[in-house]
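The values are calculated or read from the model by the stated rules, or taken from the named source; none is laboratory data. Keep in mind that this is a model prediction, so the values were computed, not measured. For neighbour counting, all protein chains shown are included, and Cβ atoms are generated from backbone atoms with ideal geometry for every residue, glycine included. SASA here: full protein model, heavy atoms, side chains in, ligands and nucleic acids out. Shrake-Rupley method; radii C 1.70, N 1.55, O 1.52, S 1.80 Å.
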Amino acid sequence: DKGTYPFYMLKEIDEQPIVLRHLISRYLPQDNEPQIGEGIINDIKAADRLYIIAAGTSYNAGLVGARMFERWAGIPTEVHVSSEFAHDQPLLSENPFFIFLSQSGETADSREVLQNINALGFKSLTLTNVEKSTLWREATYALPLIAGPEIAVASTKAYVAQITLQAILAYALADRKQLNLDLEQELSKIAVTIQGIIDDKETLQKVADDMLVPSQNAFYIGRGVDAAVVLEDALKLKEVSYVQTEGFAAGELKHGTLALIEQDTPVIAIMTQPSLAGLVRGNLAETQARGSKTFTIVTKAIAKPEDDLVLPDINELLTPLVSVVPAQLLAYYTSLGRGLDVDHPRNLAKSVTVQ
Ligand code: M6R
């Protein structure tokens, strides 16, 4: 039931702080001791490489998770689109372990991969929002995202839940003394920060109305982990508003996309990584020189007076949990401003059970 909300998408965006709190109390109940089954931890530790398999938003969440498995836990990790992996399987390492990410647990492309790797005798873990779903039942292990039912076709809280659960898993696999990260505290701070962005959503509605509602196209750019988040930001916007949107690594602009920048083309830059901010600002300036209308989302350490939305400083790999929220709201309000049925974009289904 969406209660007083006009659309489920807004309700589900609003639920994200509580989703984080639920995940903390379930998987990190005390003393930063992750509660992940021993079998999962031992089997992943025995593997020489992780393969994350997913589609759409879940794939985008995997791109963020992979960085945590590599940098926090030191495990080489590849992320693959399930529809590709199913029919064009790459050369596997000697001892792979598979992680399936799926809100619904029913995505046909991902199910096909699971069947293939089960036939090869490899072990797997599914992170899904739907307990007892096919990917839940057919994987070696499964953990619930406990995000509550996600009804809007555009996935929001499942993305945040998938990144959070991957973070907790990577944390469980890491040498935590060396990592020096209070994950529980950081996630709690993120929940508060997300709430702040949600409380100020009218500001983003105005940005959407001015900049995106009238536009034919839009671009999201970022580097490092932000280059992963902008893929999700762009997917969200295009899927619910039909504004043709591309998200890509900022350094790629000059290799082709810059040709599309005209007077008033919207370019949104996400900058959360201090070591990369200078480069992204340079890329953004190249678009401004061609007349782009820009909007910047930055963390405090990077912020300059001309920036539009400033987020507090948080662990660099966890910034996607926060920086995605303004993009979700921009997508929502652009769809709303265009008078569309936000929860049911044309041509799309919530759960994609055909290949
Ligand atoms: O249920 P899944 O997470 O496996 O679904 C994967 C995609 O179909 C899904 O994320 C899709 O991209 C969403 N509509 C994006 O908002």
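Summing Lys and Arg as +1 and Asp and Glu as -1 over all other residues whose Cβ lies under 13 Å from the Cβ of N116 gives a net charge of -4.
Note on the stretch 223-355: with neighbouring protein chains present and a 1.4 Å probe, carbon and sulfur make up 51 percent of its accessible heavy-atom surface. Measure nothing but the geometry: give the 0 to 90° angle between the long axis through the Cα atoms of 16-27 and the longest principal axis through the Cα atoms of the chain, rounded to 10°. With both axes taken from Cα atoms, the answer is about 20 degrees.
For the stretch 238-355, the dipole from Cβ point charges (+1 on Lys and Arg, -1 on Asp and Glu) about the Cα centre works out to 100 debye, to the nearest 20.
When each of the peptides 194-206, 323-335 is scored by the mean number of other C-beta atoms lying within 10 Å of its residues, the order from highest to lowest reads 323-335, 194-206.
Net charge of the neighbourhood of T203, taken over other residues with C-beta under 12 Å away and scored Lys/Arg +1, Asp/Glu -1, is -4. Computed with a 1.4 Å probe over protein heavy atoms only, the accessible surface of the stretch 1-152 comes to 42 Å² per residue. In this structure, the pairs whose alpha-carbon distance is over 26 Å, taken from K11/K206; K157/K304; K157/K189, are K157/K304. Note: relative contact order over the chain, using C-alpha pairs below 8 Å and six or more positions apart, is 20 percent. Rolling a 1.4 Å probe over the protein heavy atoms gives the stretch 200-289 an accessible area of 39 Å² per residue. On the stretch 142-195, 49 percent of the accessible area sits on carbon and sulfur atoms, based on a 1.4 Å probe. Share of the stretch 1-109's accessible area from carbon and sulfur, percent, 1.4 Å? Using a 1.4 Å probe with all protein chains present, the stretch 1-109 comes out at 44 percent carbon and sulfur. The GluC sites (Glu not before Pro) of the stretch 240-302 that meet both conditions, a loop assignment by DSSP and at most 12 other Cβ atoms within 10 Å of the site Cβ, are E262.
Using Cα atoms only, what is the angle between the long axis of helix 225-241 and the major principal axis of the chain, expressed in degrees (0 to 90) to the nearest 10? For helix 225-241, the angle is close to 70 degrees. Electrostatic bookkeeping for K132 treats Lys and Arg as +1 and Asp and Glu as -1; over the other residues with beta carbon under 13 Å from its beta carbon, the sum is -2. Solvent exposure of D1, expressed as accessible area, is near 150 Å², computed with a probe of 1.4 Å over the protein chains only.
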